[in-house]
Amino acid sequence: MTAADPNRDRTLPEAEEKAPSAVVPGAPASEPPSLEEPTAPREPAPTKADQRPPEAVSPTGKPTGAPEDSRAQAGAYLTTAQGLRLPDTDHSLKAGERGPTLLQDHHLREKITHFDHERIPERVVHARGTGAHGVFRSYGTAASVTRAGFLAGDVTTPVFVRFSTVLGSRGSADTVRDTRGFATKFYTDEGTFDLVGNNMPVFFIQDAIKFPDVIHAAKPHPDREIPQAQSAHDTFWDFVSLHTEATHHVFWNMSDRGIPRSFRMMEGFGVHTFRLSNAEGGTSLVKFHWKPKLGVHSLVWEEAQIIAGTDPDFHRRDLADAIEAGAFPQWELGIQVMPDSPDQTFEGIDLLDPTKIVPEELVPVQPVGLLTLNANPVNFFAETEQVAFHLGHLVPGIDPTDDPLLQGRLFSYLDTQLTRLGGPNFAQLPINRPHAPVNDMFRDGMHQSADHAGPAPYRPNSLDGGVPFTAGPELGAYVEVAQPVQGVRARTAPASFDDHFSQARMFYLSLSEVERDHLTDAFTFELGKCYEQAIKLRALQVLANVDADLTARVADGLGLPAPAATVAPADVEPSPALSQIGRPWPTDGRVIGIIADESSDLAAVTDLQNSIVAAGMQALVIAPHGGTLTSGTVDPVIVQRTLLTTRSTEFDVVVVAGSPKAAPKMYRLLEEAFRHVKVIGGFGGAEEALAAAGIPTDAPGVVIEQDATRMLDQVVELMGEHRVWHRFPVQVG
Ligand code: HEM
């Protein structure tokens, strides 16, 4: 789960030696980068000495005599695919500085179209994911701000949800450090509405035209296609240290939010601001939130790494098992409602900038409905793989805003799905079919599975009685909010988009000590995996503009000097709602492992299992061997895991029943659970086994009782806090 270890760093760029010979195998390019962003145009760097392209031969195998690198990119200047030089690739062409993106922007469309079709057949991003069916029941509390029918009082709407990682290929591990997708398809009576969000409320870029750049930087290096599914490598840090609008999102990724315990324990965010309109035509600017009933919890980093090897399907399995067991995961949909002011800002926060949040302390999240996932797909490919979400799938009462990231996304998804799903008829796939009547006059094309009748798929017609008719808003038609657009057509961004650090600082200062430790470790780990000193130094420079203490600690871990800030760290108010720690949460669906063998009190083990299941959790018996445990006249106990087939990472809590026979794997299981600050329980004389495993029996979160029921009560109480964070005074994992 880790990138290759650069055991010797490359020389600093200032050093004399600039030869392309990489001192350590694995360096990303044929020469070290400069610390500052290069400013002098030049031809692309040559390939590394160990690399060579295929022979220059014709399609029929004849040598062409062309130089070997004749197929590579050429020229010092950025061009379109037609060789036209470009002045800007960072801003889409907009109608006014804060206006919508124009269809005329050929560079935007060409760049994103090409990107959309880069990977076949998996999704170009978010390839690794898993889905579930469910229902959404609205409370009616949003009816004053939106006329969307599915948000009216007590309406139940079927949904399909797909969770995903962003970077990894379809077969990559679930628990890598990454942002998670949280996409929901509401099959409403008015047409399908898709809320295509993430588990983090901000994004790396402010304009969709940068999406190919950030993904190219974060995906594996183009030559060796490593590392898989992670950001701990030079190209990612090269990009984000130069493109500092990514800073806030990078902080979220490096925090515990980047390694969720379960999809069931993740928040979701629509990220962008949407414009909602009510029956009277009044509009508001709104951000969507999903709040999990089980609370927001994460793995610790070492646990995430172990799981990536021992159970790469951990999150997938967890979701499917919970649903199968009837522990249906639930989230409340919430909205933050801001006035639709002409400048589209709130308390100085630019609502069109997707790198910014509105703290919940400023605008509370109001619950508007409940999502329950209650069924697993029957066929992964037909449903989870073929589902196609799109931000443009809207219903009356919900409009997009001119956020330039949102604007480009409106183009990208349909475009990419044409390739991924093999043509224009993917809306007819069972998982994508709306639950509202469809009469779109679209005809033919690959994989057409409708049998359209009627002689006149055009309008106006008289041959088919004029059908289909257009509808007015009173008949449920989608009519865009009449939002004024004005300004000079230009590739620019407003000055308010220039603040890249203040909210990253707010996020950092809002975390508890232990969360800050984790974040510091994550930065140190990721930058420690980079080969290039210049990139590490540049990344430290970005950190210095957020927080001096954090910078000093990461610099110390990297063995580099801590730079001073170039932009004075902002004076910000922390937002306590951003911390995951400090509140008790329900324990439904949590997993308790019970280590037992024939010497354990098997009747007590069975009673304990029953109590755990009755409390809405899972109880798995772990024994030295498979099959059953039998002793005397007591009913046999079925063994779900053996010491060989499991690791501590499968459990939220480990309980020892009596003193099972000494076994190194049992000791490892207990020692790991202790190190990962999990609650550990013991009953019926468990002291001996725990002491033999080196677990201090008086440590915080170690509960030992003679009686299993008394032990379980205390264990459940502690589990509400997720982990025993105060067990160790210093870093974890
Ligand atoms: C706020 C920023 C963004 C969020 C929250 C987001 C979220 C998501 C999610 C959740 C998926 C997975 C959908 C699924 O499960 O099938 C996805 C896929 C995708 N996203 Fe985004 N994304 C963002 C920005 C962008 C941008 C700026 C672009 C391009 C300009 C983009 C292009 C894509 C593409 C091409 C896919 C694959 C879709 C498919 O194959 O069905 N995304 N995104």
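The values are calculated or read from the model by the stated rules, or taken from the named source; none is laboratory data. Only a predicted model underlies this, so the values are computations on that prediction, with no experimental measurement involved. Cβ atoms come from the backbone with ideal geometry, glycine included; neighbour counts cover every protein chain shown. Just the protein is used for accessible areas: all its heavy atoms, side chains included, with ligands, DNA and RNA removed. Shrake-Rupley method; radii C 1.70, N 1.55, O 1.52, S 1.80 Å.
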Q: Taking H placed 1.01 Å from N in the peptide plane, check which residues at least 5 places from Val621 or on another chain put their amide H under 5 Å from its amide H.
A: Ile594, Gln640, Arg641
Q.
List the residues, sorted by chain then number, that are 5 or more residues from Phe346 or on another chain and whose placed amide H is less than 5 Å from its amide H.
A. Leu351
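Using the heavy atoms of the protein chains and a 1.4 angstrom probe, tell me the accessible area per residue for segment 350-464 in square angstrom.
Working: 5220 Å² over 115 residues.
In whole numbers, segment 350-464 has 45 Å² accessible per residue.
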Q) Which whole-number percent of Cα pairs in segment 587-717 have a distance greater than 25 Å? A) 12
Q) At 10 °C and 1.306 mPa s, what whole-number value in µm²/s does Stokes-Einstein give for the translational diffusion of segment 150-195, with Rh from the Kirkwood sum over Cα pairs? A) 126
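Apply the a/c threshold of 1.5 to the C-alpha gyration tensor of segment 437-477 and tell me whether it is rounded, prolate or oblate.
On the way: a/c = 2.77, a/b = 1.44, b/c = 1.92.
Oblate.
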Q. Based on the Cβ-Cβ distance of Tyr458 and Leu410, what FRET efficiency does E = 1/(1 + (r/R0)^6) give at R0 = 25 Å, to the nearest 0.05?
A. 0.45
Q: List every residue whose amide H lies under 5 Å from the amide H of Val196, counting only residues 5 or more places away in sequence or on a different chain, with H placed 1.01 Å from N in the peptide plane.
A: Thr184
Q) In nanometres, what is the gap between the two model label sites at Glu480 and Ala699, each 7 Å from Cα along Cα-to-Cβ? A) 6.0
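Note down the relative contact order for the chain as a percent, whole number, built from C-alpha pairs under 8 angstrom at least six residues apart. Intermediate results must be reported in sequence, preceding the final value.
Values: 1495 pairs, mean separation 100.1, N = 733.
That works out to 14 percent.
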Q | Per-residue [θ]222 nm for the chain (sum of -39500 (n - 2.57) over DSSP H runs n ≥ 4, rounded to 500) | A | -7000 deg cm²/dmol
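Working from the pairwise distances between different alpha carbons, so that the mean of 1/r is found and then inverted, what is segment 226-328's Kirkwood radius in Å? Don't skip to the end; give the middle numbers.
Values: mean 1/r = 0.0597 Å⁻¹.
Mean inverse Cα-Cα distance, inverted, gives 16.7 Å.
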Q) If you wrap segment 300-343's Cα atoms in a convex hull and average its projection over all directions, what's the area in nm²? A) 6.2
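State in Å² the accessible area per residue of segment 50-186; use a 1.4 Å probe, count heavy atoms of protein chains only, and round to the nearest integer.
On the way: 6390 Å² over 137 residues.
On a per-residue basis, segment 50-186 sits at 47 Å².
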Q. Over the chain, what number does the Rg to Rh ratio reach, with both radii from the alpha-carbon atoms and Rh per Kirkwood?
A. 0.99
Q. What shape does segment 522-584 have by the C-alpha gyration tensor, where a ≥ b ≥ c are the square roots of the eigenvalues, rounded means a/c under 1.5, and otherwise prolate means a/b greater than b/c and oblate the rest?
A. oblate
Q. What share of the DSSP beta bridges in the chain is antiparallel, in percent to the nearest 5?
A. 75
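By the gyration tensor of its Cα atoms, with a ≥ b ≥ c the square roots of the eigenvalues, what is the shape of segment 61-151: rounded for a/c under 1.5, prolate for a/b over b/c, or oblate? Please report the intermediate quantities before stating the final value.
Details: a/c = 4.97, a/b = 1.81, b/c = 2.75.
Oblate.
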Q) Over segment 112-261, what is the mean sequence separation of C-alpha contacts under 8 Å (at least six apart), divided by residue count, expressed as relative contact order in percent? A) 20
Q. Given a 1.4 Å probe and every protein chain left where it sits, what share in percent of the accessible area of the chain is carbon and sulfur?
A. 56
Q | segment 37-194: relative contact order in percent, alpha carbon pairs under 8 Å with at least 6 residues between | A | 14
Q: Would you kindly state the longest site-free stretch of the chain, with sites defined as chymotrypsin sites (Phe, Trp or Tyr not before Pro) in a DSSP loop (not H, G, I, E, B) surrounded by at most 14 other Cβ atoms within 10 Å?
A: 78-457
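Suppose R0 equals 51 Å. What FRET efficiency, 1/(1 + (r/R0)^6) with r the Cβ-Cβ distance, do His117 and Ala692 give to the nearest 0.05?
Numbers: r = 59 Å, r/R0 = 1.15.
Once the sixth-power term is evaluated, E becomes 0.30.
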Q | HN-Hα J in Hz across segment 455-467 - Karplus 6.51, -1.76, 1.60, θ = phi - 60°, x for Gly and Pro | A | x, 9, x, 8, 9, x, 9, 10, 5, 10, x, x, 7
(Q) Once you compute Rg and the Kirkwood Rh from C-alpha atoms, what is the Rg to Rh ratio for segment 349-445? (A) 1.03
Q.
With every protein chain left in place and a probe of 1.4 Å, what is the accessible surface of Glu598, to the nearest 10 Å²?
A. 80
**Q.** Per-residue SASA entry for Glu513, accessible area with 1.4 Å probe, Å² rounded to 10
**A.** 130
